[in-house]
Amino acid sequence: MIQLTHDPIDTQQLTESVRDNAAGAIVVFLGTVRELTDGRRTLALDYEAYPEMAEAKLEELVETACQRWPVTRWGIVHRLGHLALGDVSVAVAVSCPHRDAAFEAGRFLIDTLKEIVPIWKKENFSDGSTEWVHPGLDSKTENPLTG
Amino acid sequence: MKLAVQLYARARELAGQDHVELDLDEPVLVGDVRQALASTVPDLAPLAPGLLIAVGTDYADDGIVVSDGKTVACFPPVSGG
């Protein structure tokens, strides 16, 4: 299952969805909204996606993971919209016959999701400012922007 | 060729709109789209070198040809998760 949703992620349901008699291991990764980043205090995050491309890229990631590891079942859910501290922004669940593969496949899926899937977060800081998170962008601009 | 380029995240906010209409001479390369965006929307110009461009649902380098009817999107580096 690949899903982009504005609703809270049901992590229990996601975990159950990857249970299988062929699997001896389930790894679930949850990304949550963190309060402190480089000393700045976050109040909330806003997530935005290019949905058609995000879903296509997630399908590609899963296809690659299934070629590299014996993945029995898998599920990825990413939340969009306004998230409060502690909210789950992303959940990745994989089941495999053994734990090594489950850990490796799960790590690959979340790491690669963060690199290539077109989803963005905007910080809402405690001082009232907001800032899109675009890794590496300012170093490539001619006139770096801060807001 | 008329092209509507979808914008996301900071690119959308800087442009003040979720897409930009361009009219470009064919053949249209991704690099032409990048240049035209920077000249049509001056607020995007400083970011232009670091923006990512997708044709359909695939990332596309500046040398790729954009064929008529394809969805084109432009956005800054991703930060999901």
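The values are calculated or read from the model by the stated rules, or taken from the named source; none is laboratory data. Quick caveat: nothing in here was measured; it's all calculated off a predicted structure. Note that each Cβ is placed from the backbone with ideal geometry, even for glycine, and that neighbours are counted across all protein chains shown. For the accessible areas, the whole protein counts, side chains as well, though only heavy atoms, and no ligand, DNA or RNA atoms are used. Shrake-Rupley method; radii C 1.70, N 1.55, O 1.52, S 1.80 Å.
Among the residues making up the range A:49-70, those that are open to solvent by 30 Å² or more (accessible area, probe 1.4 Å) and touching a residue at least 40 places away in the same chain (Cβ under 8 Å) are A:P51, A:E55, A:E59, A:T64, A:R68.
If you check A:V92 against the conditions, is it buried (at least 22 other Cβ atoms within 10 Å of the Cβ) and touching a helix residue (DSSP H, G or I) at 6+ places or on another chain (Cβ under 9 Å)? Taking the combined requirement at face value, the residue satisfies it. If you go through the range A:1-47 and keep only what is touching a Gly at 6+ places or on another chain (Cβ under 6 Å), assigned to a helix (DSSP H, G or I) and of a type outside the set (S, T, Y), you end up with just A:L14. The set of residues in the range A:73-112 being in contact with a Gly (Cβ under 6 Å, 6 or more places away or on another chain) and hydrophobic (A, V, I, L, M, F, W, C) consists of A:V90, A:V92, A:A93, A:V94. Among the conditions (1) open to solvent by less than 30 Å² (accessible area, probe 1.4 Å); (2) facing chain A (nearest Cβ under 9 Å); (3) outside any helix (DSSP H, G or I), the only one that B:V20 does not satisfy is (2).
Inspection of the range B:32-42 finds no residue satisfying the criterion of being facing chain A (nearest Cβ under 8 Å) and not hydroxyl-bearing (S, T, Y). A:Y50 meets the conditions (1) aromatic (F, W, Y); (2) within 12 Å of chain B (Cβ to nearest Cβ); (3) more than 19 Å from B:L52 (Cα to Cα) in every case but one. The failed one is (3).
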